[in-house]
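Read the figures in this text as sums done on the coordinates, not as results from a lab. No experiment lies behind these values; they were computed from the predicted model shown. Methodologically, a virtual Cβ is constructed for each residue, glycine included, from the backbone with ideal geometry; neighbour enumeration extends over all protein chains shown.
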């Protein structure tokens, strides 16, 4: 007589067991996601700060070769390049040796040297740069015509941060008297005006097709092309009463040879109005709480 076959009963999850499993996974995700998000934000910020440090070293190398940091000509009341474009031009110079514009003379998009680097006296002068490791930085071409043609121009390229926003640069004027009105942070208007320590002309929209408002701090009533208000900039640099653009008794402002400025993850330069109350007139140490910008002057 053959034994009867035995059948192993298969036992699946009950509805209650499935609900408990889903609940446990939901709790674990609720714990893990904020931690991962915070870690990612911290990693991005660390990378952005490291990029600014590398750029600082590149600017010092540039200064070693040329005895000064890159600057917009002081004779120009209305510069045609921003600090973002000047920074890329000086440290990487991705433009061509000769102009790609038909019939152009003195084309600022050409630099005497094909590829990265530049010559200071045409195609036969000594070559300089690049002052940064090109594989470590993203160059963003803001000129639609040259971008469509697959070429670069020195007067329309910027170094982009990890969030793909332009990194701005503003050299300090060592001869400025910051104790006079508009002598600290102001927009330089030409040879007949006061030349401030930090000229906001370096902080305007690059020549491009993107909207100015994309990079402006919100609701600050800025002028055409400005990406940060003078008052916001002055406050972040240590002024208690930034409307006058000068250093007064008791103030301890930032004094650096140059400023480097990334708009941070929200893409807006300057103070976040939702966090503005974090800064009081007597507690400038808290200014980092009122912005997510990444700079070389806010810890």
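For residue 47 and residue 180, the FRET efficiency from 1/(1 + (r/R0)^6), where r spans their Cβ atoms and R0 equals 45 Å, is about 0.70. With the simple model of a label 7 Å out from the Cα in the direction of the Cβ, residue 248 to residue 31 spans 5.3 nm. Annotation for residue 21 and residue 80: the two label points, set 7 Å from Cα along the Cα-Cβ direction, are 6.8 nm apart.
Model label points for residue 98 and residue 151, set 7 angstrom from Cα along the Cα-to-Cβ axis, are 1.1 nm apart. For 182, 138, 38, the sequence from fewest to most other C-beta atoms within 10 Å is 38, 138, 182. For residue 121 and residue 56, the FRET efficiency from 1/(1 + (r/R0)^6), where r spans their Cβ atoms and R0 equals 22 Å, is about 0.20. One chain, two ends: residue 133 and residue 40. Fully extended at 0.36 nm per residue, the span grows by 31.1 nm beyond their Cα-Cα distance. Ranked by the mean number of other Cβ atoms within 10 Å per residue, highest first, peptides 15-26, 252-263, 153-164 order as 153-164, 252-263, 15-26.
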